[in-house]
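Taking it in order: structure first as structure tokens, then the write-up.
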Amino acid sequence: MTHVASSMDVVDFVPERNQFVYTFGGSQPAATITPGTALRLWSEDAFNNAITSVADIPSEMLDARYLNPQTGPFYVEGAQPGDTLVIHIVELTPARSWGASAMIPFFGGLTATDRTSLLHDPLPEGVWIYEIDSAAQTVGFQTHKGDFELALPLEPMLGTVGVAPAGGEVHSSLTPERYGGNMDTPEMKVGTTAYFGVNVDGAMFSIGDGHYRQGEGEACGTAVEGAMNSTIIVDLIKGGGPAWPRLENDGHWMVVGSSRPMEDSWRISQVEMIRWLGELYGLETMDAYQLLTQISLVPVANVVDTNYSVVTKIAKSLLPTRSAFDGIHADLRDRACSLS
């Protein structure tokens, strides 16, 4: 593997509404960038700003064709199939003073869906608006019935980060798969470096679906959805493209698997982490399997998308120090300081 970063350019990009894309694959690039570029991006919320009030009725306000708008895609010079696209999240800041969550008919983890058919009426739909207290760095939960209120910590993340799929395929921006996409993992936060296998020339990556906070699983199907200002650094490693998204922060190695049923998502993330342990520590497969069994954590990212996403997570503190992908995470963390 060869790291090909150039000097760091800084590019600001705020898309017009007609520039949003709703798929991974099949779109023309919004811009071309060089490896090592820092991008300051704005993205719309998953509802496409169609829900703004507790009086809104989701089934009347939402258009399924225009959900999860993506900012991008970006063509990365020099990226070719088999390479590793590297995205380091430097900063995530809410672009509005409020976020919204909603109950949508026959969508969510605890209702019938198009794949789990049951003879019951849809659960009651509704909207919850979360006001942001910027000084306290909280989002406010308020019940519809009664007067219960709670200030929850603001924990911004990106629900959707991914590259174009292989084979000329085009997937909805609502779908997570081996190219990333709508993984909805709270681990996609400031300080995380994500590694994606490049499938097409230029990688063609995009981001979107900002969440002001979300519990693991995203149980009802929607987080505290909000427009987001994101600063990321994009880099490229020649070769070494992982089969499934790998994540790294200062404390953990992580792999995301996305499929249905959920146990297959778990299996994907476990197998890929076993392979990563083999690469990092020179372990034979059965030894890595045994070690993984004793040290892995398995947070569920989402149980509601067209595929479910599961993360296998290992604490670096339990293992000897190693550097993945030529130590680029530490390098990007240092470079991020110059943007503060």
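The values are calculated or read from the model by the stated rules, or taken from the named source; none is laboratory data. Model, not experiment: these values are computed from the prediction. Note: ideal-geometry Cβ built from the backbone for every residue, glycine included; neighbour counts use all protein chains shown. For accessibility, only protein heavy atoms count, side chains too; no ligands or nucleic acids. Shrake-Rupley method; radii C 1.70, N 1.55, O 1.52, S 1.80 Å.
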Quick check on my filter: what residues within segment 310-340 are within 25 Å of GLY82 (Cα to Cα), at pLDDT 95 or above and among the acidic types (Asp, Glu)? ASP331
Checking THR285 against (1) farther than 30 Å from TYR130 by Cβ; (2) in contact (Cβ under 8 Å) with a residue 12 or more places away in the chain, which test does it fail? (2)
Out of VAL224, VAL190, sole residue that is under 24 Å from GLY140 (Cβ atoms), touching a strand residue (DSSP E or B) at 6+ places or on another chain (Cβ under 6 Å) and surrounded by fewer than 23 Cβ atoms within 10 Å (Cβ to Cβ): VAL190
Of all the residues that make up segment 166-191, how many are more than 14 Å from TYR22 (Cα to Cα) and part of a loop (DSSP other than H, G, I, E, B)? 14
Residues in segment 192-204 that are part of a loop (DSSP other than H, G, I, E, B) and closer than 24 Å to THR32 by Cβ: how many? 5
Of residues in segment 304-329 being open to solvent by 40 Å² or more (accessible area, probe 1.4 Å) and of a type outside the set (S, T, N, Q), the one farthest from the chain's Cα centre (by Cα): PRO320
Please go through segment 66-102 and give me each residue that is within 27 Å of GLY36 (Cβ to Cβ), of a type in the set (A, V, I, L, M) and surrounded by 19 or more Cβ atoms within 10 Å (Cβ to Cβ), ordered by number. VAL76, ALA79, LEU85, VAL86, ILE87, ILE89, VAL90, LEU92
Could you give me the residue pairs with C-beta distances under 9 Å whose first residue belongs to segment 309-336 and is within 18 Å of ARG275 (Cα to Cα), whose second residue is surrounded by fewer than 18 Cβ atoms within 10 Å (Cβ to Cβ) and of a type in the set (Ser, Thr, Tyr) wherever it lies, and which are 6+ apart or on separate chains? LEU319/TYR281; PRO320/TYR281; ARG322/TYR281; ASP326/THR2
Could you check, for segment 206-214, whether at least one of its residues is touching a Leu at 6+ places or on another chain (Cβ under 8 Å), outside any strand (DSSP E or B) and open to solvent by 10 Å² or more (accessible area, probe 1.4 Å)? yes
For segment 150-165, what are the residues that are farther than 15 Å from THR306 by Cα and either open to solvent by 10 Å² or more (accessible area, probe 1.4 Å) or part of a strand (DSSP E or B) (or both)? LEU150, ALA151, LEU152, PRO153, LEU154, GLU155, PRO156, MET157, LEU158, VAL161, GLY162
Please state which one of GLY146, GLY82 is free of Cβ contacts under 8 Å to residues at least 60 places away in the same chain, small (Gly, Ala, Ser) and over 19 Å from GLY215 (Cβ atoms). GLY146
Only one of GLU131, GLU91 that is outside any loop (DSSP other than H, G, I, E, B) and without any contact (Cβ under 8 Å) to a residue 40 or more places away in the chain: GLU131
Breaking point among (1) closer than 21 Å to SER172 by Cα; (2) in contact with a helix residue (DSSP H, G or I) (Cβ under 8 Å, 6 or more places away or on another chain), for MET61: (2)
Kindly check whether there is at least one residue in segment 41-63 that is assigned to a strand (DSSP E or B), more than 25 Å from HIS144 (Cβ to Cβ) and either in contact with a Lys or Arg (Cβ under 9 Å, 6 or more places away or on another chain) or open to solvent by 40 Å² or more (accessible area, probe 1.4 Å) (or both). yes
If GLY239 satisfies every condition in (1) crowded, with 17+ Cβ neighbours inside 10 Å; (2) closer than 23 Å to ASN199 by Cβ but one, which is the exception? (1)
Top-ranked residue in segment 284-302 [being in contact with a helix residue (DSSP H, G or I) (Cβ under 8 Å, 6 or more places away or on another chain) and surrounded by 17 or more Cβ atoms within 10 Å (Cβ to Cβ); ranked as nearest to GLN214 (Cα to Cα)]: VAL300
